[in-house]
Amino acid sequence: MAAAAAACMENPGVLVCIVEKKGKLGSKLLATGNGRCNFTNTACSSSVEVLDFFRRLGVKAREEEQGRVYPYSGRSEDVLAAFESYLSSHGVETALDFAVERISVNSRGGFAVSGGQREITAGKVLIATGGKAGPQFGCSGDGYRLARGLGHTATTLAPALAPVECEGDFEKLKGTRAKAAVSLLKKGEVLETEKGEVQFAEYGLSGVCVFNLSRHIRLLGCGFSDYELAVDFMPEVSKDETVFELRYRRDRLGLPLSNMLVSLVPGSVAGYMLEKAGIDGAGCEASDAQIESVAGSLKNSKFTVSGVKGWRFAQCTSGGIPTSEINMSTMESKIAKGLYFAGEAIDYDGPCGGFNLNNAWETGIKAGRAMARDVQNP
């Protein structure tokens, strides 16, 4: 949709047709940002251009925390409506319920886009099929197959920005949320650290900070168990300060172990820590050794990774068409002239916060503008 709109802005009157696998445009867009469409982030180098593009579509933006940008209404439906209105008013055609099976070069140097009993011919073609994340929205990796048929390759694909499965029983923690710093370790070495809200589920850990860390779990030459998530529930204070706080609660306030973690972590997390350490906190005074143990859990609770939730849970795809095979200034293929790429089909995955949608718009705008140049209108 971004490429089609950009093409119309570049060359009014250009003939554009969007081929859509589903029965309606923008199914995945509606789900982004928890239905609010976090469509860019001010930290993106191209955010100014993307914001200007959306202004031309009639979308007013609102910047929120950490540079996240949403439509002013906070409704993804309004972003889709702006696209639909603009595309309709500029004569863009749509071919819905059209599952593309093949893209081939025709005798005139253009392309034939076919599927089932339907076929469309075009001088230029854009593959903007998304990746494999979110198959419920029609994303099944078709773009990689179509690109391979025209001589391209694709790097290893993996779910990214997804919850992480961990070893152990999390039933008592299910539904618990806590502010924390989370580190991803591989064979004991810290790879990345993220701060934010951790959410516990029956299978392990979730939340934006965990999603971002999931991007760095790679199984080349190792297994899931080589990775651990280390959670620091009190990232603003040191281990020594945590010990001091717990001793103060014991010595000055006279709190038993069962109440010593009140206001520090949610009750379910406190119970989990005491149970895991084999401590019965009911009515007993904590020993120095127990305080050291609990402080260690508060600062460094480790969870062994057993998997990453699959495509249905992932927000984007890691891997795709290598950028080395694409002219990134125009998004045209270096292998097949007249073929272009945009969005998640390309080998790019960014963190949560609008970076992946911004990439979709940025590459779509580049492709649309380039495709509309040097086109003779009827």
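The values are calculated or read from the model by the stated rules, or taken from the named source; none is laboratory data. The model shown is predicted, which means the values in this text are computed figures rather than measured ones. When we count neighbours, we look across all protein chains shown, and the Cβ atoms used for this are built from the backbone with ideal geometry, even at glycine. With ligands, DNA and RNA removed, areas are computed over all heavy atoms of the protein, side chains included. Shrake-Rupley method; radii C 1.70, N 1.55, O 1.52, S 1.80 Å.
One table, with the values for the structure above:
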quantity	calculated
Sorted largest first, extent of the chain alpha carbons per principal axis (Å)	86, 44, 32
Diffusion constant of the range 182-254 at 4 °C, which comes from Stokes-Einstein with the Kirkwood Cα-pair radius and 1.567 mPa s, µm²/s	91 µm²/s
Exposure ranking of His152, His90 by accessible area [1.4 Å probe, largest first]	His90, His152
Kirkwood Rh, Cα atoms: Rg over Rh of the range 323-378	1.03
Ellipsoid equivalent to the range 1-48 - semi-axes via the Cα gyration tensor, in Å	23, 19, 6
The range 191-328 - percent of accessible surface contributed by carbon and sulfur, probe 1.4 Å	49 percent
For peptides 77-85, 52-60, sequence by mean Cβ density within 10 Å, most packed first	77-85, 52-60
Pairwise Cα inverse-distance average, inverted: Kirkwood Rh of the range 41-185 (Å)	19.8 Å
Whole-Å semi-axes of the range 123-174's equivalent ellipsoid (Cα gyration tensor)	35, 12, 7
Principal axis dimensions, largest first and in whole angstrom, of the range 165-290 by Cα	51, 29, 23
For the chain, built as a Gaussian network whose Cα springs stay under 10 Å, the top-fluctuating residue of Gln117, Gln315, Gln136	Gln117
Translational D in µm²/s for the range 257-338 (Stokes-Einstein at 10 °C, 1.306 mPa s, Kirkwood Rh from C-alpha pairs)	91 µm²/s
The chain, accessible area per residue, ligands and nucleic acids excluded (1.4 Å, Å²)	47 Å²
Signed unit charges on C-beta, dipole axis of the range 122-213, positive-most listed residue Tyr144, Gly123, Phe200	Gly123
P(r) histogram, all alpha-carbon pairs of the range 62-118 included - 5 Å bins from 0, percent	4, 14, 12, 13, 13, 15, 10, 9, 7, 3, 0
Shape box of the range 234-378 [Cα atoms, principal axes, largest first, Å]	85, 27, 24
Total charge dipole magnitude, the range 293-351, about the Cα centre, Cβ charges on Lys, Arg, Asp, Glu only, Debye to nearest 20	340 debye
Stokes-Einstein D in µm²/s, Kirkwood radius over Cα pairs - the range 24-123 at 25 °C with 0.890 mPa s viscosity	155 µm²/s
Alpha-carbon centroid distance for the pair the range 1-74 / the range 322-375, whole angstrom	15 Å
Within the accessible area of the range 63-126 (1.4 Å probe), percent carbon and sulfur	44 percent
Among Gly130, Gly343, Gly115, residue whose mean-square fluctuation peaks in a GNM of the chain (springs only between Cα atoms under 10 Å)	Gly115
Expected 222 nm ellipticity per residue - DSSP helices of 4 or more, -39500 (n - 2.57), all of the chain, to 500	-9000 deg cm²/dmol
In Å², nearest 10: area of Phe303 left accessible to a 1.4 Å probe	10 Å²
